[in-house]
Amino acid sequence: MNHDTPAVDIKEKDLNQNTQALEELLSKISDESISSILDIRYGLGGWAEKALETFPGAKLIGYEQDANTAARAVKPKGATVRVKRFEPTKGMKADILLADFNTTTCLKRETLDHALRYVDCDYLVFTDVCCSKLHLNYASYGLAEADLKKYWKRFKVDGYKLIGFARVHHAASSALYIKKAPTG
Ligand SMILES: C[S@@+](CC[C@H](N)C(=O)[O-])C[C@H]1O[C@@H](n2cnc3c(N)ncnc32)[C@H](O)[C@@H]1O
C-alpha cells in the first residue's frame, strides 16, 4: 500500500474498522455548529457517510483521485464528490477536516503537514497506519514500549490539541485533534 492506493484495492475489513474508529472519534465532538466537512481522501465514502450521519445538517466536499473508486463510492445526502486529486490552496476552510491517509506516520507526515498549511479547520481527524505495527517499530518512534497512548501523545500537530484516538483490532489508528484557542 502507498499514498496512492485506491480504496477499491484496500481490504474491506480494514476500511470498515477504520470507519468504526472514526465513528468513535466523531462522537467526542459535542459542537452543534458543524456545517462544513472536507474529506481529502474520499475513497468509497465510508468516512463521509459516518460524518454526515453524525452531523446531518452539514455539507461535505470530498476529493477522490481514482475514478473507479469514486464511481463505486457511496454518496450520502449532503456530500459532493470531486473526482480529482486534492491540491490544497490558500483560504480553504472547514469545520472538520477528514484525512484518511494510506501511509502517514509520525516519521512520514508530509501530506498531513502540507494539507494543514492551507486548510483552516477546527477539528482534524487523520489515520496513521504505523500503529497496526507498533509492536515492531515502537523504538523508531522514540518509545520504550509499544504504547499507542504514548505514541499519540508524542504526535504533535502545530496549533492543535489531541482529543482522542481510536483503533479497531489491527486496523490503522486514527486520532482527533481540535484547534487550540488563541492565547493572549
Ligand atoms: C484509505 S482510502 C480512504 C477510504 C475512505 N475513508 C473510505 O471510507 O472508503 C484513501 C483514498 O484516497 C485517495 N487518494 C490518495 N491521494 C489522494 C489525493 N491527493 N487526492 C484525492 N484522493 C486521494 C485514494 O485513491 C484512496 O481511494
Helices (runs of 4 or more DSSP H) wholly inside segment 67-184 containing at least 1 residues that are at pLDDT below 95 and within 13 Å of the chain's Cα centre (by Cα) | 110-118
Within segment 1-36, can you find the residues that are polar (S, T, N, Q), surrounded by 12 or more Cβ atoms within 10 Å (Cβ to Cβ) and either within 15 Å of residue 127 (Cβ to Cβ) or touching a Ser or Thr at 6+ places or on another chain (Cβ under 8 Å) (or both)?
-> 5, 16, 17, 18, 19, 20, 27
Single unsatisfied condition, residue 116 versus (1) crowded, with 21+ Cβ neighbours inside 10 Å; (2) under 22 Å from residue 20 (Cβ atoms) = (2)
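Collect the residues in segment 54-64 that are away from the ligand (no atom under 13 Å from the Cβ) and not in a strand (DSSP E or B), keeping them in residue-number order. Break it down stepwise before answering.
Residues of segment 54-64 away from the ligand (no atom under 13 Å from the Cβ): 54-59.
Across segment 54-64, the qualifying residues are 54, 55, 56, 57, 58.
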Residue list for segment 24-45, restricted to those being away from the ligand (no atom under 11 Å from the Cβ) and either under 17 Å from residue 177 (Cβ atoms) or assigned to a strand (DSSP E or B) (or both) = 24, 25, 26, 27, 28, 29, 30, 31, 34, 36, 37, 38
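The values are calculated or read from the model by the stated rules, or taken from the named source; none is laboratory data. Remember, predicted model here, so these are calculated numbers, not experimental data. When we count neighbours, we look across all protein chains shown, and the Cβ atoms used for this are built from the backbone with ideal geometry, even at glycine.
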